[in-house]
Structure formats: structure tokens, C-alpha cells
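The values are calculated or read from the model by the stated rules, or taken from the named source; none is laboratory data. Since this is a predicted model, take the numbers as computed values, not measurements. So basically every Cβ, Gly included, is an ideal-geometry build from the backbone, and we count neighbours across all protein chains shown. Protein only, heavy atoms only, side chains kept; ligands, DNA and RNA dropped before computing areas. Shrake-Rupley method; radii C 1.70, N 1.55, O 1.52, S 1.80 Å.
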Amino acid sequence: MKHFDVVIIGGGPAGMAAAIGAREQGASVAILERDVRLGGILNQCIHNGFGLHYFGEELTGPEYAERFRKKVLSDSGIKVYLEAMVLSLTEDRVVTAVSPTEGLIELSAGSVVLAMGCRERSAGAIGLIGTRPAGIYTAGMAQRLSNVDGFLVGKEVVILGSGDIGLIMARRMTSEGAKVKLVMELMPFSSGLKRNIVQCLQDYDIPLRYSTTVTRVTGKERLTGVYVAPVDDKLQPILEKEEYISCDTLLLSVGLIPENDLIAGSAIEMSRITSGAVVDEYRQTSVPGIFSAGNVLHVHDLVDNVSEEAYVAGTAAAKYARGAIEDTPCMQVTTGTGVRYALPQRIHKGEGTVRLYFRVDKVYRGMTVTARSEGVLLKKKKTMVLAPGEMQYIEIDKSLVMGDVCVALEE
Amino acid sequence: MDTTCIMCPMGCALTITEENGVVTVTGNTCPRGAKYGVSEYTDPKRMVTTLVKVRGGGVLSVKTSAPIRKTLVPAALKAAAGVLLDHSVHAGDVVLADVAGSGEDLIATADLVYTEK
Ligand SMILES: Cc1cc2nc3c(=O)[nH]c(=O)nc-3n(C[C@H](O)[C@H](O)[C@H](O)COP(=O)(O)OP(=O)(O)OC[C@H]3O[C@@H](n4cnc5c(N)ncnc54)[C@H](O)[C@@H]3O)c2cc1C
Ligand code: SF4
């Protein structure tokens, strides 16, 4: 069995940044990627807006991926296995994968970084009522068919969900000559960026209805239309106000879920809120030597944050592999008013600063974010507006931490 | 004209009016919003990212070398749709010069290895 200091599962932006972090520590690295190339979801995100934080310029998805890919592929210390689907990972870190060229691949690892990304919630996952005709796609699947395979999925389109992928696809399909009749959002606010609402919908006069959902779909072989209705404050559709819209395509942009099937049923402690692992500030899971980063850990809105997080994980994974991570006591990071989750969920006692990333549970204006330990204020940050769609962080000084840390919103 | 400021997550609702050649922005919370409102009213620009076809099948992602006039976006998309690539290109190469008379080029955002089919 071949041995590597660090084995990385998934070759998207998280996997590539983890590899770079680990290599800077001198580790031997392997990346296992099931697709035919590195880059993950970025390969299909042809719009720009990536890298403003990381590179200080706006790149398209493929351009952002290419910068990392070049670095990874030119480093002889990184072995890249493509078309290699990882099937299992054991607690003593044996990784098994299959590929058409290499057959069965079995690697033993000093440490492992999970970087499998996320997948989209589908029609089944949201319990859509009606037949299952052709023409219902997740927005990301339509994005891949359009941008990688060059195939337009429909002509008359309705989109459920106003997340960024749905908004971007509304513009994409309009650019390709399709008619996007309506974008609807269950919540009274969008989780998408303002910029996308203006430049993907308003620029093309595509209507966006809030507090609205799809109640039924019609069509036998191909979708012929959808029924839509406004929802009440308990998010239940008001059926008396149901309305029919004819269309041949329904795109779903209703959320992303970390793709953690590989570790389902393992000893790795999972968070019910993020659907990812519970980690410390090195992004180490509850099983020593197994790390997690990127969308498989928690869904990110900016790829820049993915790269940053995975670099931290890769660096720490390399240190773990050579026995250079001390196991010092941990303190819990908890959440208070208004904060849905904070990550990492635990931090070690020690020196230096650590960023606590968090998401709020709804839109807030003029609140102060606080991090307190045993009631003592460690850090506060005044904000103009906080929205669930935008991940934020508050940076604290570890040496000030006395016990558990709580991140909360205060007036 | 009504629009939303996109310069920060506040997303202020802006109203832009013109009287005797003077453009006024209201609804903004800070000066950045006023500046954005004026540019959206007088000379809005957009980056265009789209696809061009490759002879024999497949697509290549492209973008304009800089934002172009918003009014030229439909023409730029149409021009891109008319391209049929039959040679290899590198990311950054010009695919269509001076697209729709915008003064900007359409450039590849990924490598394409063309193989005759
Ligand atoms: C459809 C879609 C569109 C998106 N659009 C945007 C956008 O426009 N802007 C933005 O900032 N963010 C976008 N995101 C979020 C985006 O996913 C992140 O910014 C970033 O790409 C996440 O990086 P990652 O490496 O964690 O995951 P990914 O990019 O998803 O990479 C994960 C990689 O792991 C591989 N993999 C998974 N399981 C296995 C296995 N068992 N064996 C081997 N390989 C495996 C996958 O093939 C993939 O290449 C989008 C996400 C999705 C799902
Ligand atoms: S006007 Fe100022 S505060 Fe309002 S959205 Fe624009 S930049 Fe933000």
C-alpha cells in the first residue's frame, strides 16, 4: 500500500488549497478527484466575481481554479489521481478509491483532509408534489449542462429559490435565448447577493416574488407548467391564491448540503446545523488526523473563504502527520441570540488569534456582534447589516479566552 | 429611475432623478451609494461572461476584457453566439476583437484544446 503524509479527498478549490498548505510544510501529498480534472464546481461557474478577497481581482470560476491548478500540477510532491472515486475511509486512515485507469487504489495516510464539497437539494429533498416529468433540474445541474456540455435545458423557465446559483442561471438562460418567466423565493428575503439580484434579474426584467412557492407541477413526459402560490407567515401555501404558469423547465435553487456520505456512520462527530463535521481551529474533526474544509464542512458563499480555510486545514494536516500538533485542552464555541452557527466549534488554549466564522438566522440591522468568554467581552464588532446569506467572522485573541466562548448579537 | 445599491450588503433602495442636467440620488445611506447611483443612471456598465461554440461540439467560456456599456450587452451576446471556434486557445487569448463595437475584446477564460472531429 502506498503511503502519503497527507491524502486529500476531492480536488476542488478546497482540496487544491489544502494541498498547497500541506506542501509548504514539506509533506508528501495525494489528491483523489472523481472528475476528469481538478477545479470542482468552479469549472462550471463561468461568471465573474471570484477572488476579490484572495487575489484582489475579479476572476471567473475557471480562471480562479486555473491559478490553483497550475500550482498543484507543477509540484512534483503532489500526486493527483483523476477519475478516482473514493469509496471508503477508515479511522486508521486507509483510503480506498477506484479509477478506470488505475483500478483499485489503496492509500495509507498520515492525515486525511475531507474536501468533497456539497451537493444541491433536489426535488425529492424538498418534497415537491406532482408527476416527475423531464424538465426539472437543480440549478447547478442545468449550469453544468449549459457551461460544460453546451446544452440548453429549456426555453420557458421558472426558478424556485433565489440563491446565487438560481440567479446566475436566470441570466445565463436568458443570454442563451430562453425566457425566464419568474423567480420565486419561499422566504421574505433572498439569500443571494444584491449584485446578482440587480445584474441577473433586474437587468433583464425578470420578476422576483418573495414568500411564494411551487405547489404542484404538471406534464406527463415533459413539464408543461407549475402552480405557484404565496405562503403565509408559517410558510404554508395559501391555496386559494394558487396561479398557473406554463413552462417547460423548472430550476431548483433551494440550498446546498455538504456531501458527507463517505463518513456517514463513522465516529466523526457531526453538527446538525451545518451538516458537516464538528472541528477545532485547525479544522480537525473529533477523529484525530482527519480534517475537513470547504463546502463539505459548511456551505460557503465565497470561494475565497474556502481557499483560506482549506489552506489552514492542509497546513495543520501536514503538521499532524509529522507529530507536530500538540493535543492541548479545548474550549467550546457556542452561539447566543441571532447566531445560527459558529465555526470552529472548539478552540485550543494557546497563543495567537483565531477567526470565528458565523451565520445569523435572519436579517439584522445595526447590531453589535460579540464574543464573550465566561461573560467577559473578548471582542465586539458593530455592523450595519447582517444577512443569513453572508458568512461573517469575528477575530479573537486566544490568550484572553478563559473558558467556553459565546458568539452572539447584542443591541 | 429606481434601483438597488450593490456596493455593500445594506442594499439601499435608490431613486435617481435628473432635473436641468443635474442628477440627484436619494435613498442612499453613504456617499458610495450616490456615486453608484449616478454611474448607473448616466453610464451603466456590465462585464459579460458567456460561452462560444466549438466546431464539432462543446463550448468555451469567455468574458469581455473589461465592463462594457450595458446597452451593448445584447449585441455582445449575439456576437458571441455567432462564434464557431476551430482552433486551440489559451485562457486570456482574444476570441473576438472589439465585440459589438464596445472597444473591448471577448477573451477566453479557459484553455481549449481543439481536435478536428
Ligand atoms: C452548483 C453550484 C454552483 C456554485 N456557484 C458558486 C458561485 O457562483 N460563486 C461562489 O462563490 N460559490 C459557488 N458555489 C459554492 C462553491 O461550491 C464554493 O465556492 C467552492 O467551489 C467550494 O469548494 P470545495 O472545494 O469545497 O467544493 P467543490 O468545488 O464542490 O469540490 C469538491 C470536489 O470533490 C470531488 N469529490 C466529491 N466526492 C468525492 C469522492 N467521493 N471521491 C473523489 N472526489 C470527490 C468533487 O468531484 C469535486 O471536484 C457553488 C456551488 C454549487 C454546488
Ligand atoms: S448607499 Fe452606502 S450603505 Fe447603502 S448600500 Fe450603497 S454603499 Fe451600502
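For segment B:2-42, the Stokes-Einstein estimate of translational diffusion at 37 °C and a viscosity of 0.692 mPa s comes to 330 µm²/s, using the Kirkwood hydrodynamic radius over alpha-carbon pairs. Here the dipole of segment B:49-108 is about 260 debye; that uses its Cα centre as origin and unit charges on the Cβ of Lys and Arg (positive) and Asp and Glu (negative).
Taking the charge dipole of the protein assembly as shown about its Cα centre, with +1 at Lys and Arg Cβ atoms and -1 at Asp and Glu Cβ atoms, the residue from A:Ala342, B:Ala80, A:Ile206 reaching farthest to the positive side is A:Ile206. When each of the peptides A:308-320, A:138-150, B:96-108, A:399-411 is scored by the mean number of other C-beta atoms lying within 10 Å of its residues, the order from highest to lowest reads A:308-320, A:138-150, B:96-108, A:399-411. Shown here for segment A:227-281: trypsin sites (Lys or Arg not before Pro) in loop regions (DSSP other than H, G, I, E, B) with at most 15 other Cβ atoms within 10 Å, namely A:Lys234, A:Arg272. Dipole magnitude for segment A:35-94: about 180 debye, using +1 per Lys or Arg Cβ and -1 per Asp or Glu Cβ, origin at the Cα centre. Given R0 = 35 Å, the distance between the Cβ atoms of A:Ala134 and A:Ser108 translates into a calculated FRET efficiency of 0.20. Inter-chain neighbour count for A:60-67: the average number of beta-carbon atoms from partner chains within 10 Å of each residue's beta-carbon is 4. The contact residues of segment A:362-401, meaning those that lose at least 30 Å² of 1.4 Å-probe accessible area when all protein chains sit together rather than their chain alone, are A:Arg365, A:Met384, A:Val385, A:Glu390.
The trypsin sites (Lys or Arg not before Pro) of segment A:37-97 that meet both conditions, a loop assignment by DSSP and at most 15 other Cβ atoms within 10 Å of the site Cβ, are A:Arg37.
If you run the Gaussian network model on chain A, springs between alpha carbon atoms under 10 Å, then out of A:Val153, A:Val376, A:Val231 the most flexible one is A:Val376. Summing Lys and Arg as +1 and Asp and Glu as -1 over all other residues whose Cβ lies under 12 Å from the Cβ of A:Leu59 gives a net charge of -3.
Residue by residue along B:99-109, Cβ atoms of other protein chains within 10 Å of the local Cβ number 1 on average. In a fully extended conformation the segment linking A:Lys220 and A:Leu235 would gain 2.6 nm over its present Cα-Cα distance, using 0.36 nm per residue. Heavy-atom surface analysis with a 1.4 Å probe gives segment B:1-44 a carbon and sulfur content of 55 percent of its accessible area. Heavy atoms of the protein chains alone define the surface here; on that basis segment B:2-42 has 58 Å² accessible area per residue at 1.4 Å probe size. When B and A come together, around 2100 square angstrom of accessible surface is lost from both chains combined, probe 1.4 Å.
Per-residue ellipticity at 222 nm from helix content only, as computed over chain A with -39500 (n - 2.57) for each DSSP H run of at least four residues, stands at -5000 deg cm²/dmol. Taking the helices alone, chain B has a mean residue ellipticity at 222 nm of -5500 deg cm²/dmol, built from -39,500 (n - 2.57) per DSSP H run of at least 4 residues and averaged over all its residues. Protection proxy ranking, highest mean first, for peptides B:61-70, A:284-293: A:284-293, B:61-70, where packing is the per-residue count of other beta-carbon atoms within 10 Å, averaged. Its Cα gyration tensor gives chain B an equivalent ellipsoid. The semi-axes, each the square root of 5 times an eigenvalue, are 38, 14, 10 Å from largest down. To the nearest ten degrees, helix B:31-42 and the longest principal axis of the Cα atoms of chain B are 60 degrees apart. Distance between the modelled labels on B:Ala81 and A:Ser88, one decimal in nanometres: 5.2 nm (7 Å Cα→Cβ projection). Calculated accessible area for chain A comes out at 42 Å² per residue, all protein chains present (probe 1.4 Å; ligands, DNA, RNA ignored).
Projecting label points 7 angstrom from Cα along Cα→Cβ for B:Ala66 and A:Ser399 puts them 4.8 nm apart. In chain A the Cα-Cα distances spread across 20 Å bins starting at 0 as 26, 54, 20, 0 percent of all pairs. When Rg and the Kirkwood Rh are both derived from Cα coordinates, the Rg/Rh ratio for segment A:88-177 amounts to 1.13. For segment A:243-277, applying the loop criterion from DSSP together with a ceiling of 13 other beta carbons within 10 Å to the GluC sites (Glu not before Pro) yields A:Glu269. Computed log10 I(q)/I(0) for segment A:1-103 at 0.12, 0.18, 0.24 Å⁻¹: -0.41, -0.86, -1.28, from the Debye equation with unit scatterers placed on every C-alpha and solvent omitted. Going 7 Å from the Cα of A:Thr337 in the Cα-to-Cβ direction, what parts of segment A:373-411 have a backbone nitrogen less than 12 Å from that spot? In segment A:373-411, the label zone of A:Thr337 (backbone N under 12 Å from the point 7 Å along Cα→Cβ) covers A:408-411.
What FRET efficiency would be calculated for the residue pair B:Ser88, A:His3, taking the C-beta separation as r and a Förster radius of 35 Å, to the nearest 0.05? Once the sixth-power term is evaluated, E becomes 0.35. Using the alpha-carbon positions of segment B:49-108, Rg (one decimal) and Dmax (whole number) come out as 10.8, 33 Å.
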